[in-house]
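A.B. asks: The structure follows.
The values are calculated or read from the model by the stated rules, or taken from the named source; none is laboratory data. This is a predicted model, so every value here is computed, not measured. Here the Cβ positions follow ideal geometry from the backbone for every residue, glycine too, while neighbour counts run over all protein chains shown.
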Amino acid sequence: MHSWVDKGQTSYTATYTSVNCASAKEVIIKNCLALIPVVVRASNGNACRTYALIDDGADKTLCDERLLRQLNVESRKITFTMSTASATDILQHGHEVDLEVSPLTGGSPVGLGTFGL
């Protein structure tokens, strides 16, 4: 879900919000999720440009472990459960870290308690 951007890169292929919709069989079920370019900043001051998938139905914020390595941020080991459309209470092991996310165009950052998988 992430498209990594080199530190020196200043242009992006997607400058507008992307929307992905899916349907199953003959019944149309819309699942529209926005994909937006953001700046993620760690408490150590390191930052990275990447894309965020906005899922209004999620109750956890997740990131790829590569993002944590890129930010060179300290994390805490954690075990938590996840539920998906096909299974419930799936035990996951990951890392918890505090991150801030800001739009590329500027604006106020949003603080996130994030689980790295």
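A.B. asks: On the basis of being closer than 14 Å to GLY45 by Cα and in contact with a Gly (Cβ under 6 Å, 6 or more places away or on another chain), does GLU74 make the cut? Steps first, please.
C.D. replies: On the way: closer than 14 Å to GLY45 by Cα: yes; in contact with a Gly (Cβ under 6 Å, 6 or more places away or on another chain): no.
Against the criterion (closer than 14 Å to GLY45 by Cα and in contact with a Gly (Cβ under 6 Å, 6 or more places away or on another chain)), GLU74 does not qualify.
A.B. asks: I've got another one for you. With respect to ALA47, is the statement that it is free of Cβ contacts under 8 Å to residues at least 12 places away in the same chain and either in contact with an Asp or Glu (Cβ under 9 Å, 6 or more places away or on another chain) or over 19 Å from ALA34 (Cα atoms) (or both) true? Step through it out loud before you land on a result.
C.D. replies: Values: free of Cβ contacts under 8 Å to residues at least 12 places away in the same chain: no; either in contact with an Asp or Glu (Cβ under 9 Å, 6 or more places away or on another chain) or over 19 Å from ALA34 (Cα atoms) (or both): yes.
Considered against the rule, which asks whether it is free of Cβ contacts under 8 Å to residues at least 12 places away in the same chain and either in contact with an Asp or Glu (Cβ under 9 Å, 6 or more places away or on another chain) or over 19 Å from ALA34 (Cα atoms) (or both), ALA47 comes out as no.
A.B. asks: Looking at the structure I just gave you, is ARG41 more than 26 Å from GLN92 (Cα to Cα), at pLDDT 90 or above and not in a loop (DSSP other than H, G, I, E, B)? First the steps, then the outcome.
C.D. replies: Values: more than 26 Å from GLN92 (Cα to Cα): no; at pLDDT 90 or above: yes; not in a loop (DSSP other than H, G, I, E, B): yes.
In short, no.
A.B. asks: List pairs: first residue in the stretch 58-69 and surrounded by 14 or more Cβ atoms within 10 Å (Cβ to Cβ), second residue charged (D, E, K, R) anywhere in the structure, Cβ distance under 7 angstrom, at least six positions apart or on different chains.
C.D. replies: none
A.B. asks: Also, I was wondering about something else. Being loosely packed, with under 14 Cβ neighbours inside 10 Å, in contact with a Leu (Cβ under 6 Å, 6 or more places away or on another chain) and either at pLDDT below 90 or not basic (Lys, Arg) (or both) is true for just one of ASN46, ASN31, ASN72. Which residue is that? Before the answer, list the steps.
C.D. replies: On the way: ASN31 fails: in contact with a Leu (Cβ under 6 Å, 6 or more places away or on another chain); ASN72 fails: in contact with a Leu (Cβ under 6 Å, 6 or more places away or on another chain).
One residue alone meets the criteria, ASN46.
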